[in-house]
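Trainee: Input: one structure, supplied below.
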Amino acid sequence: MEILLKTDSNKHKLRYDHHFFLAMAIILLVTFFIGFAPSYYLAGMTNAPLPDKTIHIHAIVFTIWILLYITQVSLVFINKVNLHRQLGMISFVFTFVMVATGLMASVDALKRTIAPGVDELLFIINITMTLGFASFVAAAYKMRSTPASHKRFMLMANIALVFAGLIRWPVDLLYHNIPLAARASYLFLLPIVLYDLWSIRKIHRVTLWSGILMIVIFELRFFIAKTTLWLEFVERIKLHSQ
């Protein structure tokens, strides 16, 4: 009887997991859509007036990634775990495409000077977003046999990118407000913390340490972007990208 009760309890927890992570995936999808809708999704996508082909390619790759992510979460939700795993290998390989185009787009953005100090800050934000995303996906792949950790790492990977959507939101507080948009992304960590406390009565170690690492590194960007070493590095990148 006790074993049956534990089994039922685990099934309930798993069902709640499915609902929570699907809800978070949808929230992220909506966040990105709102941010990119005016300049891309509602502007004709491939016909949108983006700066050049590099940005177009990255936009397409980014869109495919988000759709892959929500598809993966949805497959788990409808209990198509085997298909989820098969598609997971494609998603993992596609991560390399995401990273490559993300770095290319970051360098390409330096060609369009905004203002001294802003270029350097945006460049380090773009680079750390891309590398943070890659690191979390790599950790998720390594922990693919541990669902609780795997799904949290994947969620963290996508939260690492959320600044790209928030900085473009048609809201005065966020639109092109780099410091506020960057820190607003931390709010996406709060639902995971609250869900952990509700579902397992503690903060899952992946949530805790990934969240701390993300905040610390993302905050360090604002200090590093002002250093002479970083300013010189960005100038060299600009010269070589002309």
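Readers should treat all values here as calculations from the given coordinates under stated rules, not as data from a laboratory. Fair warning: this is a prediction, and the values are worked out from it, not measured in the lab. Every residue, glycine among them, receives a Cβ derived from its backbone with ideal geometry; neighbour counts consider all protein chains shown.
Trainee: Let me see the pair-distance distribution of the range 2-241: every alpha carbon pair, 5 Å bin width, integer percents in order.
Mentor: The percentages, shortest bin first, are 1, 6, 12, 17, 19, 16, 12, 7, 4, 2, 1, 1, 0, 0.
Trainee: When Tyr40, Tyr186, Tyr69 are ordered from fewest to most other Cβ atoms inside 10 Å of their Cβ, what list results?
Mentor: Tyr186, Tyr69, Tyr40
Trainee: Applying 1/(1 + (r/R0)^6) with R0 = 22 Å to the Cβ-Cβ distance of Ile200 and Ile78, what FRET efficiency is obtained, to the nearest 0.05?
Mentor: Details: r = 24 Å, r/R0 = 1.07.
After rounding, the FRET efficiency stands at 0.40.
Trainee: Continuing with this model, one more query. Kyte-Doolittle cut-off 0.0, length cut-off 15 Å along the helix's own axis using Cα: show which whole DSSP H helices in the chain pass. List each step's numbers first, then the result.
Mentor: Values: long enough: 2-36 (51 Å, 0.59); 53-77 (36 Å, 1.58); 81-109 (40 Å, 1.19); 118-142 (36 Å, 1.30); 147-159 (18 Å, 0.08); 205-224 (28 Å, 1.64); 228-241 (20 Å, 0.14).
For the chain, where a helix must reach 15 Å along its axis and average at least 0.0, the hits are 2-36, 53-77, 81-109, 118-142, 147-159, 205-224, 228-241.
Trainee: If you build a Gaussian network model of the chain, linking Cα atoms that sit under 10 Å apart, which residue out of Ile34, Ile159, Ile167 swings the most?
Mentor: Residue with maximal mean-square fluctuation among Ile34, Ile159, Ile167: Ile34.
Trainee: Let me ask something else. If r is the Cβ-Cβ distance from Ile127 to Thr63 and R0 is 22 Å, what FRET efficiency results, to the nearest 0.05?
Mentor: Approximately 0.55, to the nearest 0.05.
Trainee: On to the next question. Exposure proxy check: Leu229, Leu208, Leu197 ranked by fewest other beta carbons within 10 Å? It would help to have the intermediate numbers written out before the result.
Mentor: Details: Leu229 8, Leu208 16, Leu197 13.
Going from least to most buried by this count: Leu229, Leu197, Leu208.
Trainee: Test of understanding: in a Gaussian network model of the chain with alpha carbons linked when under 10 Å, which of Ile127, Ile192, Ile78 would top the mean-square fluctuation ranking?
Mentor: Ile78
Trainee: Using a 7 Å offset from the Cα along the Cα-to-Cβ direction at both Lys111 and Ile34, what is the distance between the two label points in nm, to one decimal?
Mentor: For the pair Lys111/Ile34, the computed spacing is 3.2 nm.
Trainee: Residues in the range 176-213, backbone N under 13 Å from the label point at Ile26 (7 Å along the Cα-to-beta-carbon vector): list them, ranges by number please.
Mentor: Counting only backbone N, you get no residues.
Trainee: Related question: Where does each of Leu189, Leu173 land when they are ranked from fewest to most other beta-carbon atoms within 10 angstrom?
Mentor: Starting with the residue having the fewest Cβ neighbours, the order is Leu173, Leu189.
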